Amino acid sequence: MAVIIGTDESLKGDSFGGIVVAGVKADDEVRKKLEDLGVRDSKKLTDLKIKYFAQELKKVAKFYCVNMFPEEYNEEISKYGLTGVMNKLHQKCINALKTGDEHVVVDKYPGCKINDAECIIKAEDEYVEVAAASIVARAEALNQMQELSILAGFTLPLGSSNVFNALIKMRDKRVDFNMFAKTSFRNVREIMNTAKLETLKTTKDL
């Protein structure tokens, strides 16, 4: 009976939010239940379905999730870089689930290097465990974004292509970017720099 651990992440490319990495473990019996649920890659599901599937698959499969908010993410990135942080978090999820000689599959990303793991591009299309991990990660990411939006006082957008207005709003509200966004992203830094310039100008005018 093959036992497989699959891992995947969410929020990696989003300007707002930190990062979430999840792992799901399944044997043949659990794998069949996941397949019967219709588990597939989270990118092919609506947010509502993601939340539903996450609740249901957690009832039948063992899982582990690391939900890292922006402040901690920014600190970790400054120390280890994105690849280092990704490897560290995927390994943490695997270590939490691994009890023996389980086969480990990671959805491959640039610089992916995990002990005794098979790194595969679009692994969620081949392994239901990775697809399940993508759903758990995305569900937790949506929860994180909802919490951050409440703290910010307005809805923070997902992705990175339509975030300019939200970044400007953060600047105008004098919100701490480090608490809500990836300060290593160029589009975030550009607005942060304009905020600093305005602060300097205001100080000089006093």
Under the condition of being β-branched (Val, Ile, Thr) and either farther than 30 Å from ASP36 by Cβ or out of contact with any strand residue (DSSP E or B) (no Cβ under 7 Å at 6 or more places or on another chain) (or both), which residue from region 129-156 is surrounded by the fewest Cβ atoms within 10 Å (Cβ to Cβ)? ILE150
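Tell me which residues, restricted to region 157-175, are assigned to a helix (DSSP H, G or I) and in contact with a strand residue (DSSP E or B) (Cβ under 8 Å, 6 or more places away or on another chain).
Across region 157-175, the qualifying residues are ALA166, LEU167, MET170.
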Mind listing whichever residues of region 8-39 are within 28 Å of ASP116 (Cβ to Cβ), under 17 Å from the mean Cα position of the chain (by Cα) and either not hydroxyl-bearing (Ser, Thr, Tyr) or not assigned by TED's automatic domain parsing to the domain that holds GLU75 (or both)? ASP8, GLU9, LEU11, LYS12, GLY13, GLY18, ILE19, VAL20, VAL21, ALA22, GLY23, VAL24
Within region 79-128, how many residues are crowded, with 16+ Cβ neighbours inside 10 Å, assigned to a loop (DSSP other than H, G, I, E, B) and of a type in the set (A, V, I, L, M)? 1
Hey, does region 31-48 have a residue that's among the basic types (Lys, Arg) and within 20 Å of MET145 (Cα to Cα)? yes
The correct count of residues that are without any contact (Cβ under 8 Å) to a residue 12 or more places away in the chain and part of a helix (DSSP H, G or I) in region 31-54 is 6
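The values are calculated or read from the model by the stated rules, or taken from the named source; none is laboratory data. Just so it is clear, the model here is predicted, and its values are computed rather than measured. Positions of Cβ are generated from backbone atoms using ideal geometry, with glycine treated the same way; all protein chains shown enter the neighbour counts.
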